[in-house]
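Undergrad: Here you go, one structure.
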Amino acid sequence: MKNEKQGKFITLEGIEGVGKTSNLRFIKELLESSGHDCVVTREPGGTNLGEALRGLLLSHSDENMSADAELLMMFAARAEHLSKVILPAIDNGQTVLCDRFTEATYAYQGGGRRLDVDKISELEDWVQGDLRPNLTIILDAPVEVGRARASSRSEPDRIEKEQDDFFQRVRKAYIELAEHYPDRICLVDASKELAEVQHQIHERLGEYDILTTID
Ligand code: Z5A
């Protein structure tokens, strides 16, 4: 049975450079102004083990990592994150705001790497049980827009080194997720200027009843 005081679970998704990091702070402030006690975290990562796995997953090793190993490491990091951070916070009535979660696995490992979506779904059920985010906001923009914005930063990591067609498949998978689960996943047009993107995010949080004031 669900605890009355259970907190919300909100995730932010999108291809690289669409503005997740830029908008995470904005969302946190909106939530806090409605009385939410927020825990901000990220995937892969969020725990000591998760951050160590993140290092392995994104590092520039000469050795190719198999797609299955990549998938399993994402879920290993997620299992630890759920047990140490996400579930305790939700049970404590806090709102968890997470930079990427399982929708990224469907998009990158399912869409990008073309792994069997049924395998991902089995792992999702195994690791998460029936837990799904209350709301996933996908910041959507053409691949060239995200890549151009991200290009001003440091050297690309192992996944960022993929070619445009990989990211086109990732973007398509994200759009399909929003079409399949409109009750909990929405798109925001992130190609607009930041103020407009934030206006859309604010609207979505209202539409999905996330900003209801908490006493
Ligand atoms: N991954 C996976 O494969 N499977 C999984 O299950 C999970 C993850 C959980 C983690 O990356 C990698 O792991 C990711 C997917 C994979 N790999 N890739 N690619 P991450 O999430 O830590 O980092 P990222 O995807 O590389 O995100 P990012 O590049 O940091 O992008 P961002 O956070 O979305 O963008 P930003 O840093 O906020 O903005 C980029 C620049 O654009 C910056 O200069 C901003 O000032 C600017 N910006 C932002 N918004 C705007 C607007 N609206 N207009 C103009 N300029 C803007």
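Undergrad: From ALA190, ALA148, ALA141, ALA173, grab the single residue that is small (Gly, Ala, Ser) and in contact with a Ser or Thr (Cβ under 8 Å, 6 or more places away or on another chain).
TA: Checking each option against the conditions leaves just ALA141.
Undergrad: From the residues in region 35-57 that are surrounded by 15 or more Cβ atoms within 10 Å (Cβ to Cβ) and in contact (Cβ under 8 Å) with a residue 60 or more places away in the chain, which one is nearest to GLU155 (Cα to Cα)?
TA: LEU57
Undergrad: Shifting gears a bit: Looking only at region 95-114, which residues are in contact with a Ser or Thr (Cβ under 9 Å, 6 or more places away or on another chain) and of a type in the set (A, V, I, L, M, F, W, C)?
TA: Within region 95-114, VAL96, LEU97, CYS98, PHE101, ALA104 qualify.
Undergrad: When you go through GLY35, GLY46, GLY17 one by one, which is the residue that is over 19 Å from the mean Cα position of the chain (by Cα) and on the phi > 0 side of the Ramachandran plot?
TA: Unique residue meeting the criteria: GLY35.
Undergrad: Can you tell me which residue is nearest to THR11 (Cα to Cα) among those in region 176-215 that are touching a residue at least 24 places away in the same chain (Cβ under 8 Å) and polar (S, T, N, Q)?
TA: Residue satisfying both the conditions and the ranking: GLN198.
Undergrad: Here's a follow-up. Checking the structure you have, find out if any residue of region 4-11 is within 14 Å of the ligand (Cβ to nearest atom), in a strand (DSSP E or B), in contact (Cβ under 8 Å) with a residue 24 or more places away in the chain and buried (at least 23 other Cβ atoms within 10 Å of the Cβ).
TA: yes
Undergrad: Do you know which residues across region 187-198 are of a type outside the set (D, E, K, R) and either assigned to a loop (DSSP other than H, G, I, E, B) or surrounded by 13 or more Cβ atoms within 10 Å (Cβ to Cβ) (or both)?
TA: Selection gives LEU187, VAL188, ALA190, SER191, VAL197, GLN198.
Undergrad: Against the condition more than 17 Å from ILE15 (Cβ to Cβ), touching a helix residue (DSSP H, G or I) at 6+ places or on another chain (Cβ under 6 Å), within 12 Å of the ligand (Cβ to nearest atom) and at pLDDT 95 or above, how does LEU72 come out, does it pass?
TA: no
Undergrad: Separate question: If the requirement is being assigned to a helix (DSSP H, G or I) and over 20 Å from TYR106 (Cβ atoms), which of these qualifies: LEU49, LEU57?
TA: Going through LEU49, LEU57 in turn, the sole match is LEU49.
Undergrad: Among the residues of region 60-72 satisfying the criterion of being in contact (Cβ under 8 Å) with a residue 24 or more places away in the chain and either within 16 Å of the chain's Cα centre (by Cα) or outside any helix (DSSP H, G or I) (or both), which is nearest to ILE159 (Cα to Cα)?
TA: HIS60
Undergrad: Go over the candidates GLU103, GLU124, GLU144 one by one and state the one that is surrounded by fewer than 21 Cβ atoms within 10 Å (Cβ to Cβ), within 11 Å of the ligand (Cβ to nearest atom), outside any strand (DSSP E or B) and at pLDDT 95 or above.
TA: Only one candidate passes the filter, namely GLU124.
Undergrad: Return the residue satisfying two criteria in turn: it lies in region 12-46 and is among the aliphatic types (A, V, I, L, M) and in a helix (DSSP H, G or I), and of such residues it is nearest to GLU103 (Cα to Cα).
TA: Out of the qualifying residues, it is LEU24.
Undergrad: Under 8 Å between Cβ atoms, which residue pairs at least 6 apart in sequence (or on different chains) link something in region 17-28 that is at pLDDT 95 or above with a partner that is assigned to a helix (DSSP H, G or I) and more than 10 Å from the ligand (Cβ to nearest atom)?
TA: ASN23/ILE201; PHE26/ILE201; ILE27/ILE201; ILE27/LEU205
Undergrad: Moving on. Checking SER152 against (1) within 18 Å of the chain's Cα centre (by Cα); (2) within 12 Å of the ligand (Cβ to nearest atom), which single condition isn't satisfied?
TA: Every listed condition holds for SER152 apart from (1).
The values are calculated or read from the model by the stated rules, or taken from the named source; none is laboratory data. For clarity, every value in this text was computed on a predicted model and none was experimentally measured. Note: ideal-geometry Cβ built from the backbone for every residue, glycine included; neighbour counts use all protein chains shown.
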